[in-house]
Every structure is written in structure tokens, then in C-alpha cells.
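No lab work stands behind these numbers, since they all come straight from the coordinates. No experiment lies behind these values; they were computed from the predicted model shown. FYI the Cβ positions are ideal-geometry reconstructions off the backbone, even for glycines, and counts take in every protein chain you see.
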Amino acid sequence: MNVDNNPYRQCNYLLSAHTLQQFAEDNGREVAFVGRSNVGKSSVINSITDQKRLAKTSKLPGRTRQINFFTVTSDVRLVDLPGYGFARVDQSLKKQWERVIDGYFTNRHSLAGLMLIVDIRRKVTLEDENMLQWCDTANVPVHLIINKADKLPFQKKQKAYNEFHQYFKGRQVSMQLFSAQDKTGIGEAVDILNGWLDL
């Protein structure tokens, strides 16, 4: 698509939820973003929305400790889920996150798709697989954002992409290369979002 017509530039912060009761109203359609704590999830969201500080970034992984809702239109939202894996928090808080996220995937009728973000230099983790299982159970489509593509030269980049493609062969997972650093892959990601959100 032409990124000049990107509808996500008008995204605005709506609210942050620590519990199921605090979620935004479950109507319309929304897409959630999730990934390991150091994959650059916030940077991906900021790149897609062409906003520097919509999703808060930090050098310390695991800083997103709640579910953040952003409005695109009155009944369309983007959702930033807590990162997992490297978050340096106690077990009780991790358990709370798991309950909230499980409740989100189990009960969220407006969830139209999941953007699962991975680091091109890393393998698929057990936590990534858990996210996929949640989506399989809820019949939610998944698009894999293979982020930090700028970190590898061309041949290694293609090799990594092919390995992800082989890993997910036969599963209902679309995928693409992405770089929040040099802004590649934004148009493709926006096209996926538009299809899921009917924009």
C-alpha cells in the first residue's frame, strides 16, 4: 500500500488495563501486538503508526506491565500486550499477567488478529508457541513480524526468513520481514491490519 494513506497515523492512547474489568469495551474490532520482551514490539507499533512515543519504549526489557489500548477509529483499536520472557518481575506478578492475558484471549470477541513479533536472530520460543496455541483455540489469525531485519546481511536475512517459513509450514500463520530501524515492511503490515480491521 501507499504508506501516505496509513490510517494508523491517527491512533491515540485510550487506556491501560491491569485487570479484566479494566479492558476497553468489547465492541468493534481490534488487533493485538505481542512478543518476547526484547523484540522491539513498541518500536514496531510506533513505526506502523508513524508516531515516536505512542507505545513506550525502554532499554530495559519487560517494561510494558499492562495491556495498553489505542484507538484508530471509534470502534477500531490496536492493543499492546505485555512482553514475556526477560521481564524481571516476581512470580506473583507473572502469574497475574498470565491470568489477564489468558482472559483476554479467551473472552475477547472483538479480537480480529494477532501480530506476533520475533527477533530475526532468534528462534521461536515456548512462550511464542503458547501465544499461537491461544490463538488456535480462539480461532484468531496470526501474522508473524520478523523484526530487526536490518541486523543481518541479505543472505543471512533470507536464510532466517526461510527457517521461520519452514517452521510454520502447514499452519495458518502469515509472515514478513520488518525493520523498525529502517522502516521497511510497514506497508505490508498495514495491509494485513486493514484486512483484519476492515479499513
- Task: Quick one: order T19, T184 by neighbouring beta-carbon count within 10 Å, fewest to most.
- Result: T19, T184
- Query: Computed from these coordinates, which is Rg and Dmax of the Cα atoms in Å: [x] 15.7, 48; [y] 18.7, 64; [z] 16.8, 57?
  - Reply: [x]
- Report the extension gain between N107 and N5 in nm, rounded to one decimal, defined as 0.36 nm multiplied by the number of residues separating them, less their alpha carbon distance. 33.5 nm
- Item | E30, E98 arranged by Cβ crowding within 10 Å, fewest neighbours leading | E98, E30
- For segment 69-79, Karplus-derived ³J(HN,Hα) couplings (6.51, -1.76, 1.60; θ = phi - 60°; whole Hz; x for glycine and proline) come out as 9, 10, 8, 9, 10, 4, 10, 10, 9, 10, 10
- Would you list which lysines come within 17 Å of K157, measuring only between C-alpha atoms, while excluding same-chain residues fewer than 8 positions from it? K123, K148, K183
- Item | Selection from N194, P7, L93 lying farthest towards where the dipole of the chain points positive, charges on Cβ | L93
- Among Y167, M131, F178 the positive-end extreme of the charge dipole of segment 127-183 (Cβ point charges): F178
- Note on the structure: Taking R0 as 22 Å and r as the Cβ-Cβ distance between L14 and V124, the FRET efficiency 1/(1 + (r/R0)^6), rounded to the nearest 0.05, comes to 0.10
- Straight-line reach check, K94, cutoff 19 Å on alpha carbons, 8 or more apart in-chain or any other chain, hits among aspartates and glutamates -> D80, D102, E127, D128, E129
- Message: I want the antiparallel fraction of DSSP beta bridges within segment 3-197, as a percent rounded to 5.
- Response: 30 percent
